[in-house]
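Written out below as structure tokens is the structure these notes cover.
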Amino acid sequence: MADTFDPYREALVMETETIWPQQYAGLPPQEKATLAARLHEQPAEAAHLEYIRVHTGFCRRIVVTPEDMARDST
């Protein structure tokens, strides 16, 4: 289940994770890394954002959606 952007949790993010659905399996690893970095630079705009509690704070997980890909290509 997706969370809403939370400035409090953002201040405690210690890890990031990007989940790529099967439809993006053909993207080269370097392109995925570049796109993931862009998505994590503006987490408030991510269509599917999750905060996972970890021992040291939170992990921000972004599940890539077609909306994210369309926004990134503009």
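Any chance you could count how many residues in region 1-35 are modelled with pLDDT under 95 and in contact with a Phe, Trp or Tyr (Cβ under 6 Å, 6 or more places away or on another chain)?
1
Exactly one of (1) surrounded by fewer than 11 Cβ atoms within 10 Å (Cβ to Cβ); (2) under 9 Å from the mean Cα position of the chain (by Cα) is unmet by GLN22. Its number?
Condition not satisfied by GLN22: (2).
All but one of (1) among the polar types (S, T, N, Q); (2) surrounded by 13 or more Cβ atoms within 10 Å (Cβ to Cβ); (3) out of contact with any Cys (no Cβ under 8 Å at 6 or more places or on another chain) hold for THR4; state the number of the condition that does not hold.
The one condition THR4 does not meet is (2).
Among the candidates GLU50, GLU45, GLU67, which residue alone is in contact with a Cys (Cβ under 9 Å, 6 or more places away or on another chain) and either loosely packed, with under 11 Cβ neighbours inside 10 Å or within 19 Å of ALA2 (Cα to Cα) (or both)?
Just a single option satisfies the conditions, and that option is GLU50.
Return the residues of region 3-32 that are more than 19 Å from ARG71 (Cα to Cα), part of a helix (DSSP H, G or I) and touching a residue at least 12 places away in the same chain (Cβ under 8 Å); say none if nothing qualifies.
Passing the criteria: ARG9, GLU10.
If we scan region 26-34, do we find a residue that is surrounded by 15 or more Cβ atoms within 10 Å (Cβ to Cβ) and touching a Gly at 6+ places or on another chain (Cβ under 9 Å)? Quick ask: steps written out before the conclusion?
As a first pass, look at region 26-34 and keep what is surrounded by 15 or more Cβ atoms within 10 Å (Cβ to Cβ): 27, 32.
If we keep only those that are touching a Gly at 6+ places or on another chain (Cβ under 9 Å) as well, we get none.
No, region 26-34 has no match at all.
Residue by residue, here is whether (1) assigned to a helix (DSSP H, G or I); (2) more than 13 Å from the chain's Cα centre (by Cα) holds:
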| residue | (1), (2) |
| --- | --- |
| MET1 | no, yes |
| THR34 | yes, no |
| HIS40 | yes, no |
| ILE62 | no, no |
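The values are calculated or read from the model by the stated rules, or taken from the named source; none is laboratory data. All values reported here derive from a predicted model rather than from experimental measurement. Cβ coordinates were reconstructed from backbone atoms using ideal geometry, including for glycine residues, and neighbour counts include every protein chain displayed.
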